[in-house]
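To start, the structure itself, in structure tokens.
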Amino acid sequence: MVRRAPVTPIAPLAVVAVRTILLLAIPASAVVHQPQGRTLSPSGPRYAFMLAAIFVLTYPGSTGSAAEPTVELLWSGIYSVEEERRIEDPGSLAGWHWLTSGAKLELETTHIPARLGIRFGIAFVFRGDKDATIDCQVLWRFPPTTNPDSHTTMTERTVQHSETVDVAAVSGHLFVYEWGLVPGTYVVELWLRGTKLISKSYEVFLP
């Protein structure tokens, strides 16, 4: 699945600067180059044509823009990881989250048993300009779940991601505590600049 990501509108003055650099794709000295030994008069028709060309290329309403990034869903379901590290996270229901690496899909499914140690979610990758960084958000929605120690109840959680183009990323849900084994519908969504790019839902059941 490939979805095209939106491009955030840029203020007119910023568009002029950006399009001058990206659309011309050549240094300013090349644009105003004149043959050796000749004088280019500011009032001449050639000079006027050059200004008109630059105006068209840099005017905010003209066509053309940087390539839009796309996103590809690599897999969805139950997965395992090679390494994991616990990171303090006051914004989460448990008060921490796992930083993982080496994710591997074990079973492509939308039916998830509510069992301790089960980890499920999505893997995705952005495509676009090489080595570009994409700031996005992953939203998880789940049935009301209460932490008995903090007496906090949550039904959703948004996590900020900063992903590199062509590098796979994973977002998942892990059952760690008995109080977290809540059956129902769990949904994960990937958002970029106000647009939802990916949405996957899972039905968690008591085995």
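In sequence order, the range 144-155 has phi-based couplings of x, 10, 10, 7, x, 7, 9, 6, 9, 10, 10, 10 Hz under the Karplus curve 6.51 cos²θ - 1.76 cosθ + 1.60, θ = phi - 60°, and Gly or Pro positions carry x.
The order of Lys130, Lys200, Lys104, going from fewest to most other C-beta atoms within 10 Å of their C-beta, is Lys130, Lys104, Lys200.
Dimensions of the range 93-200 based on its C-alpha atoms, expressed as ranges along the principal axes with the largest first, amount to 46, 29, 22 Å.
Each Lys and Arg contributes +1 and each Asp and Glu -1, all at the Cβ; summed about the Cα centre of the range 65-192, the dipole is approximately 340 debye. Close amide H partners of His161, meaning residues 5 or more places away or on another chain with modelled amide H under 5 Å apart, are Cys136, Gln137, Val138.
Values in this text are rule-based calculations from the coordinates and carry no lab data. What you see is a predicted model; the values in this text were computed from it and never measured. Ideal geometry is used to build each Cβ from the backbone, glycine not excepted, and the neighbour counts take in all protein chains shown.
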